[in-house]
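The values are calculated or read from the model by the stated rules, or taken from the named source; none is laboratory data. Every value quoted in this text rests on a predicted model; they were computed, and no experiment measured them. We place every Cβ from the backbone using ideal geometry, glycine too, and count neighbours over all the protein chains shown. Surface areas here come from the heavy atoms of the whole protein model, side chains and all, with no ligands, DNA or RNA. Shrake-Rupley method; radii C 1.70, N 1.55, O 1.52, S 1.80 Å.
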Amino acid sequence: MRLFTVLLIGIVTLGSCSGFSKVLKSNDYDYKLRMADKYYADKDYNHAQQLFEELFRVFKGSEHFEDIYYKFAYCAYYLKDYANAENLFKGFVEVFPNSNKAEEMDYMRAYTFYKQSPKVQLDQTNTTKSIGFMQAFINQHPGSTRIKEASEIIDKCRAKLELKEFENAQLYYNMGSMYYKAAATVLNSLMNSYPDSEKSDQYKLLIIKADYQYATLSVEEKKEERFETVVTQCNEFIDRFPDSKLTKSVQEYLNLSQNNLKALKNEQVKKTS
């Protein structure tokens, strides 16, 4: 039974390839166009793409060209060739700026960058491009029904960039020693870039931790200044996040820093007396 199934699949596949080969060799371009449309409708984008690629040149400037261009672009998209799809969506808008499909193509161009956005640990160039192109789409098509989705994609991309920046800061913090200052710098930048983040109190606490460790490891003549920085950061946290669940931890770092400052001042008094 299994052998019969394998043979049947093989026969069907060979028949399909043989049929497509005949279409490909045909000199009847109207027939090829009908078959390309049929393959496209059947979601056989690989065969449809091969035919549309040839027909693209043959029918350029004809009444069929817009539809061929449209489907040719989508073939690349459905085959996950997003870089080529982006170029074709862009080209469609340039060639047919007044088409009723131009808005859709504009959106799909931006969407291809979103589809190419990789996992957080990798380079986020396409994520950044997705934000830029989606925002450009919103600005250019203020009445579009796709604005809600475009805005949601921008939010998702920003969240990914935020997470990447936080993971970079966390990496610096975990490396310890001379990297605490770098961790605090990245976290301050993160808070400036995403001032309305729901995780702002977490970022601020990690800044406090990093600054505290940095102060603790500092040479004696720098400790007072750096513990005062921690105290300032703690007071800023308490003012900005009065209802945060992390306030208790912040208060502990505030007390530790104040105690260190008292000890340092007592030591200075002893040295001068």
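I'd like to know if the stretch 156-173 contains one or more residues that are open to solvent by less than 80 Å² (accessible area, probe 1.4 Å), modelled with pLDDT of 95 or more, closer than 30 Å to N100 by Cα and of a type outside the set (V, I, T). Yes, the stretch 156-173 contains a residue that is open to solvent by less than 80 Å² (accessible area, probe 1.4 Å), modelled with pLDDT of 95 or more, closer than 30 Å to N100 by Cα and of a type outside the set (V, I, T). Of all residues in the stretch 246-265, exactly one satisfies the criterion of being closer than 26 Å to S200 by Cβ, hydrophobic (A, V, I, L, M, F, W, C), open to solvent by 40 Å² or more (accessible area, probe 1.4 Å) and assigned to a helix (DSSP H, G or I), namely L256. When the residues of the stretch 181-226 are narrowed to those that are assigned to a helix (DSSP H, G or I) and hydroxyl-bearing (S, T, Y), which ends up most open to solvent (accessible area, probe 1.4 Å)? Among those residues, the one meeting the criterion is T185. Taking the stretch 66-83 as the range and being open to solvent by 50 Å² or more (accessible area, probe 1.4 Å), farther than 17 Å from D37 by Cβ and assigned to a helix (DSSP H, G or I) as the test, only A83 passes. Scanning the stretch 41-61 for residues that are open to solvent by less than 50 Å² (accessible area, probe 1.4 Å), assigned to a loop (DSSP other than H, G, I, E, B) and over 13 Å from Y29 (Cα atoms) returns a single hit, D44.
Out of the stretch 98-142, which residues are open to solvent by less than 80 Å² (accessible area, probe 1.4 Å) and not in a helix (DSSP H, G or I)? Hits for the stretch 98-142 are S99, K101, Q116, S117, P118, V120, Q124, H141.
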